[in-house]
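A quick write-up on the structure given underneath.
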Amino acid sequence: MDKLNRIFLMVLSALAVGTMLLQIPAVIDQRGLAADKQAVTDLESLQSAITTYSQVNNKLPHAVEDTELAGSVKDRLSRYEYVPAGGSYKLCATFHTDTSKSGAKSSTGSGASLSSSYLSYLDFSVHGKGHQCFTKTSSIDIYNYDKYLNNYNSNIDDSSGANPPLNSL
């Protein structure tokens, strides 16, 4: 009988250890999801700060440190990468989970759905696992009316005067 009790305790112990080991990935996944959610929030804050900077200064910042960021985001800047490139820029982060294949679709209001690749352009929450970059277009030219007029007027090739420059109307 003593031998039977030992076997029973060993089986029970093995089941308890196995159950604990099965829960470890779930805990790790929850931590990864929480970290990814923080990264999405931070990237949205960075994008907002870059947009505000570009509207005020008519140019992209050389570094995100040039923008006005909340203190908590400033403390985590080393987790992210900002790469300005002409009229656009990239914001990059490392993610622990892949949300691009989880059926991430958004309704356009007309019943149509947007693909996950297009959603990742619009929304940081649609991303792959690992180092991911999001290309964003700057709105500098939209808000710079003088630059828009100069570009428009310099492209007019009408010596007859039928199409006068916009600022002379």
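Details
- Condition check for S100: small (G, A, S), surrounded by 12 or more Cβ atoms within 10 Å (Cβ to Cβ) and modelled with pLDDT under 85: yes
- Residues located in the stretch 55-79, provided they are modelled with pLDDT of 90 or more, in a helix (DSSP H, G or I) and within 19 Å of the chain's Cα centre (by Cα): V64, E65, L77, S78, R79
- Contact annotation: residue pairs with Cβ atoms under 6 Å, 6 or more positions apart or on different chains, pairing a residue in the stretch 70-82 that is closer than 10 Å to L46 by Cβ and hydrophobic (A, V, I, L, M, F, W, C) with a partner that is in a helix (DSSP H, G or I) and modelled with pLDDT of 90 or more, are V73/D42; V73/S45.
- Within the stretch 84-97, tally of residues that are under 13 Å from the mean Cα position of the chain (by Cα) and more than 10 Å from K136 (Cα to Cα): 4
- Members of the stretch 34-73 that are surrounded by 13 or more Cβ atoms within 10 Å (Cβ to Cβ), farther than 12 Å from S138 by Cα and not aliphatic (A, V, I, L, M): D36, Q38, T41, D42, E44, S45, D66, T67
- Across the stretch 85-102, the number of residues qualifying as of a type in the set (G, A, S) and in contact with a helix residue (DSSP H, G or I) (Cβ under 9 Å, 6 or more places away or on another chain) comes to 4.
The values are calculated or read from the model by the stated rules, or taken from the named source; none is laboratory data. This is a predicted model, so every value here is computed, not measured. A quick note on method: Cβ atoms are made from the backbone with ideal geometry, for glycine too, and the neighbour counts reach across all protein chains shown.
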